[in-house]
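Undergrad: This is the structure I have questions about; it appears just below.
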Amino acid sequence: MVETRLIDGKAFAQTMRARLKGEVAVFTAETGVTPGLAVVLVGEDPASAVYVRNKGRQTVEAGMASFEHRLPANTAQEDVLALVKALNADDDVHGILVQLPLPSHIDTQAVLATIDPAKDVDGFHVVNAGRLAVGLDALVPCTPLGCVMLLKDTLGSLAGLEAVVVGRSNIVGKPLAQLLLREDCTVTIAHSRTRDLPGVCRRADILIGAVGRPEMIRGDWIKPGATVIDVGINRVTGADGKNRLVGDVAFEEAQGIAGAITPVPGGVGPMTIACLLANTLTAARWRVG
Ligand code: GUN
């Protein structure tokens, strides 16, 4: 039985945002440029609306400019593309984020491909995905970046460790695997078709849940002492009829087995916006060059 450490992403993100605020102030004093982040929200998905509001508030708190564009759910694809092109051409905008998921009549890849890769603070453009894959400077997706920061803070060097990423999305699983490879981990990407998923997970020194299935990863899938990063944010209704948020990992079962684990909420989630702000400052710096 080990004592399981809690990885406090909320506190880490707060410290990071305070540091960024100082860096933004220095950058603006030296260059006269205020980094600007434009966020595009199409439709009224309530969870997305909450994220967008939080992004706007934290952007302003960090000393950056926030531009919010809310479009109705029935907006035509060409109008979304026209807005993205206008933001590409706007010198006050250094970062562009189009909130996903988009309504089903809009081709997500077409929208992402239209964003100027130099303003793609989500790191979703194929140019940034490709640059990450071949080891060039890139804007890196925020959630995976936040995961690696927490891992390095918890473990120090990640070199040589076995990392198992459960989930193969373009937003989290695939870029996270690339980042872990860059840290010299031995990386496995597992998914719904993986044979003996519990056995694969039990090999992991670093186990990442990024599938979006509530508490799918059980306590006895975790190698004793492993570091567990839970990217899942799943809303479930408990036996008492109340809604609560749970991750992809059965958190209570992991206690006494995992060496360290991120809670949900308060683990990876807060890191995503902090990394978005960091990417916006990076994009502004590259532009001023
Ligand atoms: N929807 C859920 N997570 C994200 C994210 O990191 N970026 C964008 N653009 N949309 C999301």
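Every number in this text was worked out from the coordinates using simple rules, so none of it is lab data. Fair warning: this is a prediction, and the values are worked out from it, not measured in the lab. Every residue, glycine among them, receives a Cβ derived from its backbone with ideal geometry; neighbour counts consider all protein chains shown.
Undergrad: For residue 217, what residues show an amide H to amide H distance below 5 Å, using hydrogens built from the backbone and excluding near sequence neighbours?
TA: Those qualifying (amide H under 5 Å, at least 5 residues apart or on another chain) are 249, 250.
Undergrad: Apply the Karplus curve 6.51 cos²θ - 1.76 cosθ + 1.60, θ = phi - 60°, to the phi angles in the stretch 47-56 and return the couplings in whole Hz, x for Gly and Pro.
TA: 5, 4, 4, 5, 4, 5, 5, 4, 4, x
Undergrad: Along the stretch 101-111, what does the Karplus equation 6.51 cos²θ - 1.76 cosθ + 1.60 (θ = phi - 60°) give for ³J(HN,Hα), rounded to whole Hz, x for Gly and Pro?
TA: x, 8, x, 5, 7, 9, 7, 4, 5, 5, 5
Undergrad: Nearest 10 degrees is fine. How inclined is helix 77-89 to the longest principal axis of the chain, computing both from alpha carbons?
TA: 70 degrees
Undergrad: Which order results if 169, 104 are arranged by neighbouring Cβ count within 10 Å, fewest first?
TA: 104, 169
Undergrad: Same structure, new question: I'd like the orientation of helix 173-182 relative to the chain: the angle between its Cα long axis and the longest Cα principal axis, in ° from 0 to 90, rounded to 10.
TA: Approximately 80 degrees, to the nearest ten.
Undergrad: Roughly speaking, what % of Cα-Cα pairs in the stretch 44-86 are separated by over 18 Å, rounded to a whole number?
TA: Pairs farther apart than 18 Å: 42 percent.
Undergrad: Go through the chain and flag any cysteine with no other cysteine's C-beta closer than 4.7 Å, please.
TA: Lone cysteines by the Cβ rule: 147, 185, 201.
Undergrad: Indicate the gyration tensor shape class of the stretch 175-289 (rounded, prolate or oblate), computed on the Cα atoms with a ≥ b ≥ c the square roots of the eigenvalues: a/c under 1.5 is rounded; otherwise a/b larger than b/c is prolate and the rest oblate.
TA: Taking the square roots of the gyration eigenvalues as a ≥ b ≥ c, the stretch 175-289 is oblate.
Undergrad: Quick one: Debye curve from the C-alpha atoms of the stretch 117-255, no solvent, what's log10 I(q)/I(0) at q = 0.16, 0.17 Å⁻¹?
TA: Debye intensities relative to I(0), on a log10 scale: -0.82, -0.91.
Undergrad: What's the percent breakdown of Cα-Cα distances in the stretch 1-157 across 5 Å bins, shortest bin first?
TA: Per 5 Å bin, starting at zero, the Cα-Cα P(r) for the stretch 1-157 comes out as 2, 8, 14, 18, 20, 16, 11, 6, 3, 1, 1, 0 percent.
Undergrad: How much space per residue, in cubic angstrom, does the convex hull of the C-alpha atoms of the stretch 14-101 take up?
TA: 81 Å³
Undergrad: Taking θ as phi - 60°, what are the ³J(HN,Hα) couplings along the stretch 152-160 by the Karplus curve (6.51, -1.76, 1.60), each to the nearest whole Hz, with x for Gly and Pro?
TA: 5, 5, 7, 10, x, 5, 9, 4, x
Undergrad: Let me ask something else. For the chain, what does -39500 (n - 2.57) per DSSP helix run (n ≥ 4), summed and divided by total residues, give at 222 nm, in deg cm²/dmol to the nearest 500?
TA: -13000 deg cm²/dmol
Undergrad: Name the long-range amide H neighbours of residue 170: under 5 Å, sequence gap of 5 or more, or other chain; modelled H, no Pro or chain starts.
TA: none
Undergrad: If you don't mind, there's one more thing I want to ask. Whose amide H sits under 5 Å from the amide H of residue 43, counting only residues 5 or more places off or on another chain, with H placed in the peptide plane?
TA: 71, 73
Undergrad: Per residue, how big is the convex hull of the chain when only Cα atoms are used? Give it in Å³.
TA: Here the figure is 138 Å³ per residue.
Undergrad: For 1, 216, what's the fewest-to-most ordering of other Cβ within 10 Å of each Cβ?
TA: 1, 216
Undergrad: While we're looking at this one, here's another question. Which ordering of 275, 147 is given by a fewest-first count of other beta-carbon atoms within 10 Å?
TA: Fewest to most other Cβ atoms nearby, the residues stand as 275, 147.
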